[in-house]
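Presented below is the structure to which this report refers.
The values are calculated or read from the model by the stated rules, or taken from the named source; none is laboratory data. Note that the coordinates shown come from a computational prediction; the quantities given were computed from them, not determined experimentally. Don't worry about glycine lacking a Cβ; one is built from the backbone with ideal geometry, like all the others, and counts go over all protein chains shown. For the accessible areas, the whole protein counts, side chains as well, though only heavy atoms, and no ligand, DNA or RNA atoms are used. Shrake-Rupley method; radii C 1.70, N 1.55, O 1.52, S 1.80 Å.
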Amino acid sequence: MKSSTRIVLAGSCALGLLSAPTTAWSAEQHKPAPTPKPTATAKPTAKPTPAPKPVDCTKVKCIALTFDDGPGKYADKLLATLKKHNAKATFFLEGQYVKSRPAFAKLMVTEGHDIGNHSYTHPKFTESSIEDIREELKKTQDVVKKATGKYPTTIRPPYGLLDDDTKTVAAEMKMPIVLWNGGSRDWATKNEKAIYDEVLKNAKRDGVILMHDWVAQTVTVMPKLLTELKKQGYHVVAVSSLPGFKTLKPADVFPAAAAQDKDLSADSPTGDPDDFAQSPEDGN
Ligand SMILES: [Zn+2]
């Protein structure tokens, strides 16, 4: 609406320069600009991004792309692509990288993406004490709040591994647990075509796809992938927009079927610690 108005005005101005302005044009130009009515609540900088109309996933086909272990070093490029394609994502952040890249975390929040807690140092919660799980999650809550002004609202345990202690802490912190039901194996293949094919193979309505914003090829294939998903009728949304999310209770696992999926951890770089060791470090 705004840009088409601008085009009309630009056209009028060009016309005005070439010939004598018509009365109507002239009158239009000299009309005083409407003064915005000041109100007690007017805060011009309070909301940098105007809230777009929310997508109703009960009526349209949705899918959620989720990115773990960030903010990765390519997060800014990924955010620019998501913005261009009007797509929302969910970032499961590691506290240690929020500390090193707070501006990226802030941008994720400013641009309307969901932020989840993926621990501070990425240990296996199934091998951690309940005290350590609590500490990992709380430290991350604090560092994200400091960087973005908001607390994460969901937990994704590293490698998707969780046990009763994880659920106990999630209940204490009043947060649901978000896993996934489709992988990309981006961390393993590091190949644009393979990532593209794997995501499309696993894409389904209301699906949750696991990806990583520290994998360069994930970020570079994203424009093509978003174009194809749109072509297939998908709206790419944050996890919180998916049906069933809003009624989750603390410690509930989402998507519900993910809790029973035995092959889930095959999507995450869990098998070979060497794969993971070189993942999101600066300079890799
Ligand atoms: Zn992870």
Can you tell me how much longer the chain between Ser100 and Asp163 gets when fully stretched, taken as 0.36 nm per residue apart minus their C-alpha distance, in nm with one decimal?
19.8 nm
For segment 70-159, which trypsin sites (Lys or Arg not before Pro) pass both filters: DSSP loop (anything but H, G, I, E, B) and at most 16 other C-beta atoms within 10 Å?
Lys124, Lys150
Over segment 86-133, with every protein chain in place, what whole percent of the accessible area is carbon and sulfur at 1.4 Å, could you tell me?
50
Counting only protein heavy atoms and a 1.4 Å probe, tell me what percentage of segment 145-262's accessible area is made up of carbon and sulfur.
52
With every protein chain kept in place and ligands, DNA and RNA left out, what is the accessible area per residue of segment 57-182? Probe 1.4 Å, answer in Å².
40
Among Lys146/Lys167; Lys77/Lys190; Lys190/Lys231; Lys61/Lys249; Lys124/Lys246; Lys138/Lys249, which pairs are too far apart, with a Cα-Cα distance over 21 Å?
Lys146/Lys167; Lys190/Lys231; Lys61/Lys249; Lys124/Lys246
